[in-house]
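The values are calculated or read from the model by the stated rules, or taken from the named source; none is laboratory data. Small disclaimer: the values here were computed from a predicted structure and weren't measured. Cβ coordinates were reconstructed from backbone atoms using ideal geometry, including for glycine residues, and neighbour counts include every protein chain displayed. Heads up: the accessible areas ignore ligands, DNA and RNA and are worked out on the full protein's heavy atoms, side chains in. Shrake-Rupley method; radii C 1.70, N 1.55, O 1.52, S 1.80 Å.
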Amino acid sequence: MTMFERFTQDARLAVIEAQTVARETRSTQIDTRHLLAVLLEADGPARSAVTGAGLDAGDVARRARATIASEDDLDGAALAALGIDLDAVREKADAVFGEGALDRASSAGRTGRRGHLSFTQDAMKAIELALREAIRLKAKTIETRHLLLGILRADSPGGRILAAAAAESGVDLPALRNALERTADAAA
């Protein structure tokens, strides 16, 4: 049995939706911010535990998406420094080749033969840590809460966003971990 066969339907869907978020934000890879956004936007145990610990899950998801979007803005700023207006280029490409032409060309150039985006090292580490969390908690499957526990344990952009939001809200990260673990225990 492979690790992904142990994923619950919700956990598999979260990974698939993270790919969708990456495509929507024109990211070249899927990282923990994409996973974090998906886990906290969807109703489920991970979102419930985060909310129950005192965090605004929607706000944390928006923060994750905002940091992803800001990377695209940096590309525009870099081009602007060279005298290139990215918005004007995008408009011209849309007029000549159809709406979304740059996005389609960009996606086609960076995806594999099957159209899947690859995971960054930090996202792979978080998924590996999710497996370890599931084993530690004696769960037979890897659930969305395990993915969030993996993100918390990984040194990753998603984990840092969650930690910063917790610190700003006065939420103790060990308390959040405990809430996720209790949620996992309750499901067992």
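Miscellaneous remarks
- Pairwise FRET efficiency - residue 118 versus residue 85, Cβ, R0 = 41 Å, nearest 0.05: 0.85
- Förster radius 22 Å - calculated FRET efficiency between residue 160 and residue 48, Cβ distance, rounded to 0.05: 0.45
- All lysines inside 28 Å of residue 125 as judged from Cα atoms, apart from same-chain residues fewer than 8 positions distant: 138, 140
- Surface share of carbon and sulfur [accessible, 1.4 angstrom probe, percent] for segment 1-62: 50 percent
- Anisotropy class of segment 1-51 from Cα gyration tensor, a/c 1.5 cut: oblate
- Cut-off under 5 Å, modelled amide H: who pairs with residue 142 long-range: 7, 8
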